[in-house]
1. Which of the residues spanning region 83-97 are under 12 Å from A25 (Cα atoms) and out of contact with any Asp or Glu (no Cβ under 6 Å at 6 or more places or on another chain)?
2. If you go through region 107-121 one residue at a time, do you hit one that is of a type outside the set (F, W, Y), more than 30 Å from S59 (Cα to Cα) and not assigned by TED's automatic domain parsing to the domain that holds G51?
3. Which pairs do you get when a residue that is under 13 Å from D11 (Cα atoms) and surrounded by 15 or more Cβ atoms within 10 Å (Cβ to Cβ), found in region 123-146, comes within reach of a residue that is at pLDDT below 95 and polar (S, T, N, Q), reach meaning Cβ atoms under 6 angstrom, with the pair 6+ apart or on two chains?
4. For region 72-118, name all the residues that are of a type outside the set (K, R), assigned to a helix (DSSP H, G or I) and surrounded by fewer than 16 Cβ atoms within 10 Å (Cβ to Cβ).
5. Looking at region 42-79, which of the residues that are more than 16 Å from the chain's Cα centre (by Cα) and of a type in the set (S, T, Y) is nearest to P21 (Cα to Cα)?
6. Between a first residue in region 74-85 that is in contact (Cβ under 8 Å) with a residue 60 or more places away in the chain and a second residue that is of a type outside the set (K, R) and outside any helix (DSSP H, G or I), which pairs have beta carbons less than 8 Å apart while being 6 or more apart in sequence or on different chains?
7. What are the residues in region 40-68 that are part of a helix (DSSP H, G or I), free of Cβ contacts under 8 Å to residues at least 60 places away in the same chain and either farther than 28 Å from T198 by Cβ or not polar (S, T, N, Q) (or both), if any?
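The values are calculated or read from the model by the stated rules, or taken from the named source; none is laboratory data. A quick note: this is a predicted structure, and the numbers were derived from the prediction, not measured. When we count neighbours, we look across all protein chains shown, and the Cβ atoms used for this are built from the backbone with ideal geometry, even at glycine.
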Amino acid sequence: MALKLSCVLFDLDGTLVDTAPDLLACLHSALTHHHVIQTDITTLMPYISYGAAVMIKHSAAASLPATQQAEILTTMLNLYEQNIAVHSDFFAGIPETLAFCEAQQIKWGIVTNKRKRFTEPLVDALNIRSRLACVISGDSAAKPKPHPEPMLAACQQAQVNPEDCIYIGDAKHDIDAGNAVNMKTLAAVYGYLTPTDTPETWGAEALITSPTHLLTWLKTQL
């Protein structure tokens, strides 16, 4: 039986958009500003899905007092707000996937733990505001993912039922949140996974290796 699908919901960083270049550049500048030497900033990419504070805790600033880490965080976020989409763009294959959804009259939207302060200007920079059925940020609901509330808020905004949605994300908290409201879930293993992540144990419907794979998966399900 063909899948009844009303809406495809995406995590933002590491799933819909490759935001790593801008996030890492701003973190590197913040570390440098605070006299912290990070020899290879790319090693911090796997922690993007867990937020900037976690990225700093895994950086060369890890041994610094919490107060100094907080100062680095503030500097990084201020820089990021000013450089939200210098290099960030859709992952290759995402535009075609979104076009397919729209051609099939399937809604699509975003559920992210990224705060509105950064989500909203990024959405505008990507020029997708009018195409989105919903945008739920990390502070749109009382609790972020893995709590189910953001998923329910997205469905309410998009006017769809959770069981008629697919949610794709690159972290365990994405899959947990989607499963909690009976959405079909897909693990974006092309995203920002940590070395210790085991996406095969997260309970997702499938492991998606690229946006092109996602498009193929959707076509075979409908």
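1. If the condition is that a residue be under 12 Å from A25 (Cα atoms) and out of contact with any Asp or Glu (no Cβ under 6 Å at 6 or more places or on another chain), then I84, A85 are the ones that fit.
2. Looking for residues that are of a type outside the set (F, W, Y), more than 30 Å from S59 (Cα to Cα) and not assigned by TED's automatic domain parsing to the domain that holds G51, one finds at least one in region 107-121, hence yes.
3. From region 123-146, no pairs qualify.
4. T74, N78, E81, Q82, P95, E96, A99, E102, A103
5. T42
6. A85/L126
7. Result: I41, L44, A52, A53, V54, M55, I56, K57, A66, T67, Q68.
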